[in-house]
1. Of all beta bridges DSSP finds with both residues in the chain, what is the antiparallel percent, to the nearest 5?
2. Would you mind counting up the charge near L357? Only other residues with Cβ under 14 Å from its Cβ, with Lys and Arg at +1 and Asp and Glu at -1.
3. Can you tell me the length gained on complete extension of the stretch F291 to D53, counting 0.36 nm per residue apart and subtracting the Cα distance?
4. Calculate the spin-label point distance for H225 paired with F314, positioning each point 7 Å from the Cα along the beta-carbon direction, and give it in nanometres.
5. What does the charge count near A90 come to, summing +1 for each Lys or Arg and -1 for each Asp or Glu among other residues with Cβ under 10 Å from its Cβ?
6. Taking the Cα-to-Cβ direction at D209 and at A8 and moving 7 Å from each Cα, how far apart do the two end points lie in nm?
7. Can you tell me the length gained on complete extension of the stretch V26 to V138, counting 0.36 nm per residue apart and subtracting the Cα distance?
8. Let me understand the chain better: what is its radius of gyration from the alpha carbons, and its Dmax, in angstrom?
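Where a number appears in this text, it was derived from the coordinates with a stated rule and is not lab data. From a predicted model like this one, the values you see are computed outputs, not experimental measurements. Neighbour counts are summed over all protein chains in view; Cβ atoms, including those assigned to glycine, are modelled from backbone coordinates with ideal geometry.
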Amino acid sequence: MTTSENFAFATNAARGGRPLEATGPVVAPLDTATTYARATDYSPFEGRIYSRDHNPTVERAEIALNVLEGGQGSLLFASGMAAASAVLHALHPGDRICMPRVMYWSLRNWIVRFAEHWGLGIDLFDADEPGSLERALVAGQSKLLWIEPLLNPTWDVIDIAAAAAAAHDAGARLVVDATAASPALCRPLDHGADIVMHSATKYLNGHSDLLAGALTTGSDDDFWHSIRDYRVNGGAVLGAFEAWLLLRGMQTVHLRVERASQNAQRIAEHFIEHPGLNAVLYPGLMSHPGFDVAKRQMRGGFGGMLSLRVRGGFDAALAVARNVRLFVRATSLGGVESLIEHRASIEGPNSPIPDDLLRLSIGIEDADDLIADLEQALAAMR
Ligand SMILES: *Cc1c(COP(=O)(O)O)cnc(C)c1O
């Protein structure tokens, strides 16, 4: 199997990371065998023994992703949370994790609970406060800096290169959850990150029909080996069918993300001064405090995620979510269909998210239809 990084992202994506393969089936076969026969001398054929360690369809998808990320190796997992858990399990009791106060809520809460159980220290920083990240790192003790370049759901921007420098100064690794950007817009390894994580459930697959997680490493070191060991023996591997669907999804990631970004940009610009809103949170707006950093570390767009802060607080925001006709009221993100969600209701009483905030995952529908839907939902408020 041949892979190449000399091609553009779109070429590598469209060809599933194997643009030079000239013969054989044009699409990867779905290989469902769990176990592999041995030869009469008892050696395994092609080195494969059992599918928890070696499934060819999963390996194909890992190679495709690794090419898109420009990495030294990718691993797929049963979900994004399983991928994150594999990183956490590579830490040792006494190590410290540094992470933002506001980030993807389920993972933030899981890291806090896991840290208590595993004897890890936690240091939180405020991404919108200059110097907060650097101050939160404890030199010699922080082993992991966990960031999202686009913080869910405020879409504050973290400078990956600056975070990598700070982490490395303190003796920590930088892991970047780049789910909301996708490799089509941002490749954290190019900016100095050590490992990039994705909920492949979102943009990488893009069709809201499978759960998967992914890690890609910038170096094939001991930390990566212990993650790989945990993947095989912890057992949260991806099924062959999911890997096969994911391969298909990844072939159009650049087209879907480009269209979602264009739609989101139009929606953000349209609603920026709307009388029914207190704010439009989108890094593609020049007024957004993270615009310059986002422009530097993303290419071809600012992503399909944005949030609206509705004038009138909790009740008004919830009413807008009830009034939409085209947007689907649902959690998750990164699919071809546009979703709307009232985050504070989902996150519960300890949520740091303002209760006037609606999170929108913009899909690939017609932008005018999406704008008209939000307009009528907001008009019904006044
Ligand atoms: C969805 C999501 C996760 C968790 O991934 P699952 O595939 O749902 O387990 C982690 N980080 C971010 C930013 C996400 O959006």
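1. Of all bridge pairs located within the chain, approximately 60 percent are antiparallel.
2. -2
3. Additional length available on full extension: 81.4 nm.
4. Placing both labels 7 Å beyond Cα along the Cβ direction yields 5.3 nm.
5. So the surrounding residues net to 0.
6. Calculated label separation equals 2.8 nm.
7. Here the answer is 35.3 nm.
8. Using the Cα atoms of the chain, the pair Rg, Dmax is 21.1, 79 Å.
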